[in-house]
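Since the structure comes first, as structure tokens, the remarks are kept for the end.
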Amino acid sequence: MLPAFQWPVRVYYEDTDAGGVVFYANYLKYMERSRTEWLRHLGFEQERLMREQGVIFAVRSARVDYLRPAVLDDALTITARVADQRRASLHIHHEVWRGMESEAPELLCRGEVKIACLDARQFTPRPIPDTIAAIMNAGDPQ
């Protein structure tokens, strides 16, 4: 399986709640963006997958543990790593870090997201295309 993919995120004012911390649902948005960018890094743009291969990836379930708050202007790193790969699904482990490049990075949040591979027209489960599965099993194409 591939090592964890890392995606940088800056916390903007629009991401925070009245208390000045990142609104809890925005962590799921950060995780979604990291998965999208991870697929793009592997050479698979989601719109093209839908158009050319007839597949989409949809969240089936999500579990998030909030450990410490992120605040306005924090530089975060969102990781995405395949924890388990099945025929028609992926289990993605996410972590949200502050100060990943420092000597004392802080783990702020972690999540487990189950992704289903679906037929783009019928929204029924279908196997992950061999081209995607092969790259996920072989390693980074870059």
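Every helix of 4 or more DSSP H residues in the chain counts as -39500 (n - 2.57), and over all residues that averages to -5500 deg cm²/dmol at 222 nm. Phi angles of region 51-63 translate, via the Karplus equation with coefficients 6.51, -1.76, 1.60 and θ = phi - 60°, into HN-Hα couplings of 6, 8, 10, x, 10, 9, 10, 10, 6, 9, 7, 8, 9 Hz per residue; Gly and Pro are given as x.
A 1.4 Å probe run over the protein chains yields, for the chain, 58 Å² of accessible area per residue, whole-number rounding. With 0.36 nm allotted per residue and the present C-alpha distance subtracted, the residue 101-residue 53 stretch has 13.5 nm of extension available.
Expressed as a whole percent, the accessible surface of the chain that belongs to carbon and sulfur atoms is 51, based on a 1.4 Å probe.
Compared with the direct C-alpha span, the chain from residue 72 to residue 134 gains 18.4 nm at full extension, assuming 0.36 nm per residue.
Counted residue by residue at 0.36 nm each, then reduced by the alpha carbon distance between them, the extension gain from residue 121 to residue 28 reaches 30.9 nm.
Helix 26-41 against the longest principal axis of the chain: what's the angle in degrees, Cα atoms only, rounded to the nearest 10? It is inclined by approximately 50 degrees.
According to the calculation over all Cα-Cα pairs in the chain, the P(r) per 10 Å bin from zero is 12, 40, 31, 15, 2 %.
The values are calculated or read from the model by the stated rules, or taken from the named source; none is laboratory data. Worth saying up front: this structure is predicted, and the values here are computed from it rather than measured. Side chains included, ligands, DNA and RNA excluded: accessible areas come from the protein's heavy atoms. Shrake-Rupley method; radii C 1.70, N 1.55, O 1.52, S 1.80 Å.
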